[in-house]
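I have placed the structure first, in the form of structure tokens, so that the comments after it can refer back to it.
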Amino acid sequence: MKSVAMERDLAPGYALRVAKDRADFESFARLSCRYHDWLKANLDVDLCFQGIEHELESLPGNYAQPAGCILLVSHNSAADGNTNDVGCVAIRPLAQQPTVKHSSCSSMVAAAAGPASPQQLRLPAQQTQQQRQDPAGELDPAQVLHEGACELKHLWVEPAHKKAGLGVALMAAALQAAAAKGYSSMVLETLEGLRGAIRLYGKLGFSRTSSYCANPLPGVVYWRMDLSPAVSKL
């Protein structure tokens, strides 16, 4: 999952790894909380409506392998020899999320029964179509567009390390991991006020897309990227 090219692109002193144990999950939760605290302090944004506390208390949850993945970047300080995690990102299957027309993001987290298997991500056409229909039999356009997609969440790099190119490294590694898991596309949501993130997603090849989850915040931007063949060029 961790590519040779990705490792080579990291600045000296940094290392990327897949979260595997409780200590890794706790580190991911700590970094995610730092991100949410930053949003509150700088943009006056609170993500509690998404069920963040429950999600971080029950890790790996929807991010469990094989369908999901949590990535961490650590930094070894030459000054004191200590190694600390300074960045993170995660992916989860979008297929397990209820359709936007009948559910909110917070209820998606609460309703998730566990990570979808690779087989569940490739449901028979008839069954998949039934799941995309509302009670009136109407197909949900957003669900059709994003079928077979994964969702990227919790991209964060500690402020002191933002100039080390870790955002690009984490995104590239997440895209490569998603492609290796057989996803056809990746989606994510961000805010207009996060200019750096918007530039990064555009640079990587994401395009703005339709809403795939209910989000009451103003200025929400939804992004989508096909994972093949673009990912092989990262």
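The values are calculated or read from the model by the stated rules, or taken from the named source; none is laboratory data. Computed from a predicted model, the values in this text were never measured in an experiment. A quick note on method: Cβ atoms are made from the backbone with ideal geometry, for glycine too, and the neighbour counts reach across all protein chains shown. Surface areas here come from the heavy atoms of the whole protein model, side chains and all, with no ligands, DNA or RNA. Shrake-Rupley method; radii C 1.70, N 1.55, O 1.52, S 1.80 Å.
With charges set only on the Cβ (+1 for Lys and Arg, -1 for Asp and Glu), what does the dipole of segment 146-225 come to about its Cα centre, in debye to the nearest 20?
Working: 9 positive and 5 negative charges, 60 e Å.
So the dipole magnitude of segment 146-225 works out to roughly 280 debye.
Within the straight-line cut-off of under 13 Å between alpha carbons, the aspartates and glutamates reachable from Lys181 are Glu151, sequence neighbours fewer than 8 places apart in one chain being disregarded. Here the spin labels are modelled as points 7 Å beyond Cα on the Cα-Cβ line, and at Arg199 and Ala41 they lie 2.2 nm apart. In a shell of Cβ-Cβ distance under 15 Å around Trp223, excluding Trp223 itself, what net charge do Lys and Arg (+1) and Asp and Glu (-1) give? Residues near Trp223 contribute +2 overall. With both labels modelled 7 Å from their Cα along Cα-to-Cβ, the Arg30 to Lys162 distance reads 2.1 nm. Partner aspartates and glutamates whose Cα lies under 16 Å from the Cα of Lys162, excluding those fewer than 8 positions away in the same chain, are identified as Asp9, Asp85. Charge tally for Val168 (other residues, Cβ to Cβ under 12 Å; Lys, Arg +1; Asp, Glu -1): +3. Does anything in segment 168-188 have its amide N under 17 Å from the 7 Å Cα→Cβ label point of Leu217, and if so which residues? Once the point is set 7 Å along Cα→Cβ of Leu217, 187-188 turn out to lie under 17 Å by backbone N, inside segment 168-188.
Quick one: net charge of Gly68's neighbours, Cβ under 13 Å, K/R +1, D/E -1?
Numbers: positive: Lys20, Arg92, Lys153, Lys181; negative: Glu55, Glu151.
So the surrounding residues net to +2.
Sorted largest first by accessible area at a 1.4 angstrom probe radius, with every protein chain in place, the residues Thr209, Thr83, Thr190 fall in the order Thr83, Thr209, Thr190.
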